[in-house]
1. For region 1-43, which positions are assigned by TED's automatic domain parsing to the domain that holds residue 239 and basic (Lys, Arg)?
2. If a residue has to be out of contact with any Cys (no Cβ under 9 Å at 6 or more places or on another chain) and touching a residue at least 40 places away in the same chain (Cβ under 8 Å) to count, how many in region 36-65 make the cut?
3. Within region 124-136, count every residue that is of a type outside the set (Ser, Thr, Tyr), without any contact (Cβ under 8 Å) to a residue 60 or more places away in the chain and surrounded by 12 or more Cβ atoms within 10 Å (Cβ to Cβ).
4. Does residue 64 satisfy being more than 41 Å from the chain's Cα centre (by Cα) and of a type outside the set (Asp, Glu)?
5. When you scan region 23-50, how many residues do you find that are among the small types (Gly, Ala, Ser) and modelled with pLDDT under 95?
6. Restricting region 25-59 to residues that are charged (D, E, K, R) and part of a helix (DSSP H, G or I), which is surrounded by the most Cβ atoms within 10 Å (Cβ to Cβ)?
7. Those residues that are in contact with a helix residue (DSSP H, G or I) (Cβ under 6 Å, 6 or more places away or on another chain), in a helix (DSSP H, G or I) and of a type in the set (Ser, Thr, Tyr), I need them from region 116-145; list them, please.
8. Take residue 113 and decide whether it is among the polar types (S, T, N, Q), in a helix (DSSP H, G or I) and closer than 22 Å to residue 20 by Cα.
Amino acid sequence: MATLKRPSLGTDPVSGWAYYALHEASSYILKEYFLVGNYQTCIKNSFKMHDETKRIVDAFDKAGRSLPNKDYALNHSREVSDWCREVESEGYHELYVHSFVGMWSAFESGIENTFRDFLLNDREAANRVSTLFGEGNKYPIADWPWDREVCLEIAQKIESKAKSRTANGGLEFFDRLSTAFSWLGISLSADSSVKAGLNEANRMRNILMHRYGEISQKDAEDFPTFGPWVGKVMPITRGDFDRYYHGISGILIAITNGTARKFGQQG
């Protein structure tokens, strides 16, 4: 989500409207996933930044020349090198947090945009969703097709409605999304590792966004992985990061497959 350029996709936004938002989200998420590796390489290459700067300063001194702003260059290079070693000593936790938040942001946008596109293009789905708001609501199916902004407004409310209509919808995020997508005529299925990774990723997103990453007793009760870190910030490891990515990417695949089944494009 940090990129200035939107991805160029092979999916046509008009004829492939049912898949376009999913494809776009997947592109952003994959970029965030691999961005960590690029940053790690840059950080490792900067471990000796201070040593290299000092070598250049010493060479200038021996040649009887003065390097402009040499004190600033030495101090700055030391700060950078120290920071790089600190990031490495913490297992690159900061990088994993930034990339995970970026992936989750792209994921949320992709889900909402998918809801929006179905409300724009699928009258049957729009009718089901309209009934969720009760009689006399501000989104009557008689006014369909709704404009794009109205569809996005409705899309932003679907997940919260699914949460209240799903058993344990606050914890079982996969099930909550399954409820929401059922209103679009899409059934979701995935293996247990995808569901577990997605559910935990959703809780970690809330922990990072609302509690600076500090694990509560309730978090630990719901997710045993968090157990050792109650009252502390849990360092996100490569394993955690990969598990969250697996959950996020897995649900997008499940939605894509469910969409294909809806339109009879696979068995």
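1. Answer for region 1-43, where residues must be assigned by TED's automatic domain parsing to the domain that holds residue 239 and basic (Lys, Arg): just 31.
2. Going through region 36-65 one residue at a time, the tally reaches 3.
3. 6
4. Here the answer is yes, as residue 64 does meet what is asked.
5. 2
6. So, considering only residues that are charged (D, E, K, R) and part of a helix (DSSP H, G or I), the one surrounded by the most Cβ atoms within 10 Å (Cβ to Cβ) is 32.
7. 130
8. yes
The values are calculated or read from the model by the stated rules, or taken from the named source; none is laboratory data. All values reported here derive from a predicted model rather than from experimental measurement. Glycine also receives a Cβ, built like all others from the backbone with ideal geometry; neighbour counts cover every protein chain displayed.
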